[in-house]
Structures are given as structure tokens and as C-alpha cells.
Amino acid sequence: MVDRFGELMKVTRDSGIDIMLNGPDRAVEIAFAPAMDALQPLLAAAPSTEVSLILSTGESRPGQPEGFTVQVNSKLRNRLSQHVILEGGGSTAGGHAGGLLAIYHSCKLLRDGKVKFCLVGGVDTYLEPETLEWLDETEQLHSEGNIYGFCPGEAAGFCLLTTLANARAIGLQPQLEIVAASTASEESRIKTETVVLGEGLGAAFGTLFEDAPADLVDRIICDMNGERYRGNEYGFAVIRNPGRFRNAADFETPADCWGDVGAASGPLFVSLVIEAQARNYQKGPLSLIWASSENGARSAILLGSP
């Protein structure tokens, strides 16, 4: 496809998925393998255990059929049900913060004792012709003529969550601890005439730190993708929460490497922290991951060593 400058559009495609597959079927095909990967420890230790699935997809946008999220959730559940007992959960079109919001809600269910294990995740794909044309029209598509746009991608990420007691009961060793999780809402949203001052993200950080130890954050991973709005938002959010970061300017933006993966961002950030710990290059015990949706949703999570 060609953009408004006459250049080929830059995207980050999952080359393992049939290029002709689209809509909910494409999203499910992207999501199934990582969902099964997350389930493997439980299936090996206690295959008859019930699991609650909480799923997020990208926000409603041109190129998505009506009922996209519901269809993805239903189709993915049908495939996973052949391997695991799924009980309860839900789905939402949460956007960039969606994967982290799924983790936040699963934490509440686990704390309240309503479930024992949660499979939480996000899946997103921008690779629909109408979606790409819409991104080009709204000046969000990255190109030589629009350096502040982003490279649309596609991905899925999943995490298996439970309490320490439940993990020990079946002999599972946790890889990370969720120290705290928070959500907030931003009124001054992207693609509006308002000026963002980081109120929503700042509030999410503030709530997070209220429930966390006083230790400084060692590592920061976020969904900044090249859009100036996101950089401005983060800068103001940090100013609203002084003294909590070892180095607030030392943050990581995986979209530089894998493109903008929307709702899959948060769970994939978790995987980066797990890999860093496994390979002994984690900067310290406390990691902050955060994401911002165009609909105003903000979510942040603090991860610690188990």
C-alpha cells in the first residue's frame, strides 16, 4: 500500500501469519500460540484446573468489523477450550492500555478470591487496508514525510496470574510479583484540541506509588511510539511524581523494534522483564510498565522479583 506521500507504507507484520487472513480470524491466529505458551506451566502441573480468561483488543476503529472484540474472544475461547478448562472472564476493546487493564482486573479477582488462575492478555493488529488508510489520513502513520507517526504492527501477549498460595499448592514457581497496579483516565486526549499535562498518567503513577514500597523504580518500559503527545504526557507525569525514579529519562520504548502493537503492549512488556531476569541483565528489582489508550484509559503496573 502507498501512503499520501507516494511512498510504500511501513508496517511490522507477523510474517508467520497468512497475509490473506484478516479480521477476527487473523487476531485469533496471532493470539493462540502465545496464550498456549502462557498456559503450559499450569497444564503440566494441574491440567484440570479452571482458568479465567480476560482479553483485550484494540479500540474500535475503521477496518474493524462490528463486534470485533466479541468475535475474537469467542473464537479464541473455543480453540483454547480444547486444551484447558475456561471459566468466566471477559473481553474489552481497551486499546494500548488494554493488556495492562486486563492484568489490573485479574489482580482484583484474585485478591477477592473469585478465581484461582487468570490467563490475561492483549491482541492487536493494524494490518487492514481501511485501518492503514485511516492512520495515514489522521497523520499517525510513520513515513519520511511524517516522522512523528508510528509503524503499525500486530502481536499478542499473555500472562498467567495467580496468588503465591495457589502457585505453591501445585508446585509452580512464580517468575515475577505484581507489586501494585493502577488505572486512571485522561481528559485531554490525543487528536483533540486540548493540551495534555499528564494528569491521567500522573494520577496512575501516584496511585501506584501509594501502594508500593519506597524503593526507586529501576526500569521503565512504555508504549511511546514516536507520537509527540505520548512523550509530552510522560514528561508531565514524571514531574507530578518526583523522587520515585532512579532515572526517569532512562526509559525503553519497544515500539522502536516491534512497531506499535496496541493492546498487546503491556503483557509483552512483562515478558521483557522476565527475560531480563532470566538472562541476568535486569537493572534492578523494581520495574514500571505503563500504557496509554486513545480513549483516555491509562494503566501502570509495578513488577518486582518473585
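The values are calculated or read from the model by the stated rules, or taken from the named source; none is laboratory data. Only a predicted model underlies this, so the values are computations on that prediction, with no experimental measurement involved. Positions of Cβ are backbone-derived with ideal geometry, glycine not excepted, and every protein chain shown enters the neighbour counts. Quick note on the areas: whole protein, heavy atoms, side chains included, nothing else; ligands and nucleic acids left out. Shrake-Rupley method; radii C 1.70, N 1.55, O 1.52, S 1.80 Å.
Sort ASP124, ASP14 by heavy-atom solvent-accessible area, probe 1.4 angstrom, most to least. Display every interim value, and only then the final one.
Numbers: ASP124 10, ASP14 50 Å².
Most to least solvent-accessible, the answer reads ASP14, ASP124.
Using only alpha carbons, build the gyration tensor for the range 51-145 and give me the equivalent ellipsoid semi-axes, biggest first, whole Å.
Sorted largest first and rounded, they come to 30, 15, 9 Å.
Enumerate the lysines that LYS10 could reach by cross-link, defined here as Cα to Cα under 23 Å, with residues fewer than 8 away along the same chain left out.
By straight Cα distance, LYS10 reaches LYS191.
Evaluate the charge dipole of the chain about its Cα centre and quote only its size in Debye, nearest 20, assuming +1 on the Cβ of each Lys and Arg and -1 on the Cβ of each Asp and Glu.
Computed about the Cα centre, the dipole is about 1160 debye.
Give me, ordered by chain and number, the residues 5 or more places off PHE245 or on other chains with an amide H under 5 Å from its own placed amide H.
HN-HN under 5 Å from PHE245: VAL217.
At ALA249 and THR163, where each label point lies 7 Å from the Cα along Cα→Cβ, what is the point-to-point distance in nanometres?
So the label points at ALA249 and THR163 sit 4.4 nm apart.
Regarding the chain, what is the average projected area of its C-alpha convex hull, in nm²?
The orientation-averaged projected area of the Cα hull of the chain comes to 15.4 nm².
Please give me, ordered by residue number, the trypsin sites (Lys or Arg not before Pro) of the range 21-126 that lie in loop per DSSP and have at most 14 other Cβ atoms within 10 Å. Before the final figure, lay out each step's value.
Values: sites: ARG26, LYS75, ARG77, ARG79, LYS108, ARG111, LYS114, LYS116; in loops: LYS114, LYS116.
Within the range 21-126, the qualifying trypsin sites (Lys or Arg not before Pro) (loop, at most 14 other Cβ atoms within 10 Å) are LYS114.
In the range 73-126, carbon and sulfur make up what percent of the accessible area (probe 1.4 Å)? Don't skip to the answer; put the middle values down first.
On the way: 1020 of 2230 Å².
Looking at the range 73-126 in its full context, I get 46 percent from C and S.
Report the chymotrypsin sites (Phe, Trp or Tyr not before Pro) located in the range 209-306 that are in a DSSP loop and have at most 14 other Cβ atoms inside 10 Å of their Cβ, or state none.
The qualifying sites are TYR281.
Return the calculated 222 nm mean residue ellipticity for the chain, to the nearest 500 deg cm²/dmol, obtained by summing -39500 (n - 2.57) across DSSP H runs with n ≥ 4 and dividing by the residue count.
Result for the chain, helices only: -11000 deg cm²/dmol.
Taking the dipole about the Cα centre of the range 127-277, with the C-beta of Lys and Arg at +1 and of Asp and Glu at -1, give me whichever of SER265, CYS151, THR162 is farthest to the positive side.
Going by the charge dipole, the pick is THR162.
If amide H atoms are built 1.01 Å from N in the plane of the peptide, which residues on other chains or at least 5 residues away come under 5 Å of the amide H of GLU87?
Correct list: VAL51, SER52, LEU53.
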